[in-house]
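To start, the structure itself, in structure tokens.
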């Protein structure tokens, strides 16, 4: 188990990089996700898959779920994406991520984007209780 949140985040980031190093970026998201879960398990991290509802303009959309959302070590929410997450994209989704954090009783989320292996684009974080929570 990770000793602190920074160590946990570093393990997740290194695991995502290991998947990219092995597979590249050309595989479907479900393959990248399965390999990331394998890497995290090899790190001794416990991941619980969440089945969060999707909301559009404040309305729950039935039959649609965020399938690539996990709680890692009961400490943070992890969402896996294959979309490019520039600052505007993360800000647009910030309220949805914050709602999911509240739903999961978590304060912090990491968003892994299997679009790029660049450190700046690979991982974004959202803190629920900090002003300007985009990191």
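The values are calculated or read from the model by the stated rules, or taken from the named source; none is laboratory data. Source: prediction; values computed, not measured. We place every Cβ from the backbone using ideal geometry, glycine too, and count neighbours over all the protein chains shown.
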Those residues of region 47-98 which are closer than 24 Å to residue 20 by Cα, modelled with pLDDT under 85 and in contact with a helix residue (DSSP H, G or I) (Cβ under 6 Å, 6 or more places away or on another chain) amount to 68, 82
For region 20-43, give me each residue that is surrounded by 15 or more Cβ atoms within 10 Å (Cβ to Cβ), out of contact with any strand residue (DSSP E or B) (no Cβ under 8 Å at 6 or more places or on another chain) and at pLDDT 95 or above. 35, 39
